[in-house]
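Let me begin by presenting the structure, written as structure tokens, before commenting on it.
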Amino acid sequence: QDRYQFIQQFKKESRQFGAQRRASESKAAEIALVNLSVRAGFSDVTRLTLNVESRLAETFAPYMEWTVVDDVEIRLQVGADGKSEVLCRKGGKALKSVPSRLGKQPLVAEMKDACKKLKDQYSRTRKMMEEAMEHGTVFSAAEVAQLFGNPVVRAVLKSLVFVQGEPAKGDMSPTVFGFVRMQEGGPGEQEGISLTAWDGHLSALPPEGRLRIAHP
């Protein structure tokens with residue numbers, strides 16, 4: 001995960017350079033991700049990316065709780081829109097921002113860095129899903145369910161229309177479109193996902209079910 005984030009940061013920082021160096025460093029980052037995915041045992045870079053991005057928010061879970069710093073409390077929050085921010089309150093009342101006098105406190109610095117990384121993840125996720133739509137990338141239902149565990153990624157996915165059962169040549173079975181929603185599992189069962197169609201009809205998906213993002 002640390003190596004993955006380092007490569008992504010390297011790729012992001014290359015934007016400040018000229019076109020030739022930017023292209024060279026972008027290619028270097030692509031090769032590095034391929035090598036990392038192979039060494040980590042993933043079948044391709046997409047699977048590595050899905051795995052790491054889905055787990056990234058877990059790293060920052062301790063920052064999601066209110067913590068006392070001097071005379072205020074702070075916490076990291078990911079909103080329903082996927083945007084992250086550092087909240088601050090004093091005596092139960094919300095402050096507009098963290099007081100500048102606390103800027104050098106280690107916890108404050110760590111929380112702001114975590115917030116920045118989650119914002120970067122939001123941007124990466126939007127780009128990744130746009131590319132997946134263009135390329136017709138196929139996901140398993142289990143992979144999408146794992147991504148829904150990350151509030152940043154979930155905010156991007158929940159507004160996308162997915163396609164289930166894209167028919168093969170000669171297959172006349174109907175294609176199902178819908179929004180992905182989490183389904184709570186019963187006693188002893190794992191949570192799964194379903195597709196909610198325009199008329200509200202639910203189509204439960206098995207873990208091995210195949211999905212792709214619908215192209216407009």
Set GLN77, GLN121, GLN105: member being in contact (Cβ under 8 Å) with a residue 60 or more places away in the chain and not small (Gly, Ala, Ser): GLN121
Single unsatisfied condition, VAL34 versus (1) over 15 Å from ASP113 (Cα atoms); (2) modelled with pLDDT of 90 or more; (3) within 17 Å of the chain's Cα centre (by Cα): (3)
Residue in segment 84-105 that is open to solvent by 50 Å² or more (accessible area, probe 1.4 Å) and touching a helix residue (DSSP H, G or I) at 6+ places or on another chain (Cβ under 7 Å) present: yes
Residue pairs meeting the criteria (Cβ under 7 Å; at least 6 apart or on separate chains; first within 12 Å of ASN51 (Cα to Cα) and touching a residue at least 40 places away in the same chain (Cβ under 8 Å), in segment 134-152; second part of a helix (DSSP H, G or I) and open to solvent by 40 Å² or more (accessible area, probe 1.4 Å)): PHE148/ARG154
Among the residues listed as ALA28, ALA57, the single one being touching a residue at least 60 places away in the same chain (Cβ under 8 Å), in a helix (DSSP H, G or I) and open to solvent by less than 90 Å² (accessible area, probe 1.4 Å): ALA57
Residues (closer than 26 Å to PHE139 by Cβ and either open to solvent by less than 50 Å² (accessible area, probe 1.4 Å) or among the small types (Gly, Ala, Ser) (or both)) located in segment 5-25: GLN5, ILE7, GLN8
Members of segment 1-25 that are among the polar types (S, T, N, Q), within 24 Å of the chain's Cα centre (by Cα) and more than 19 Å from VAL52 (Cβ to Cβ): SER14
Yes/no for GLY79 being open to solvent by less than 30 Å² (accessible area, probe 1.4 Å), under 21 Å from the mean Cα position of the chain (by Cα) and not β-branched (Val, Ile, Thr): yes
Filtered residues of segment 71-80 (kept if outside any strand (DSSP E or B) and over 24 Å from GLN9 (Cβ atoms)): ASP71, ALA80
Condition check for VAL138: at pLDDT 85 or above and crowded, with 18+ Cβ neighbours inside 10 Å: no
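The values are calculated or read from the model by the stated rules, or taken from the named source; none is laboratory data. Note that this is a predicted model, so its numbers are computed, not measured. Cβ coordinates were reconstructed from backbone atoms using ideal geometry, including for glycine residues, and neighbour counts include every protein chain displayed. Keep in mind that these areas ignore ligands, DNA and RNA; they rest on the heavy atoms of the full protein, side chains included. Shrake-Rupley method; radii C 1.70, N 1.55, O 1.52, S 1.80 Å.
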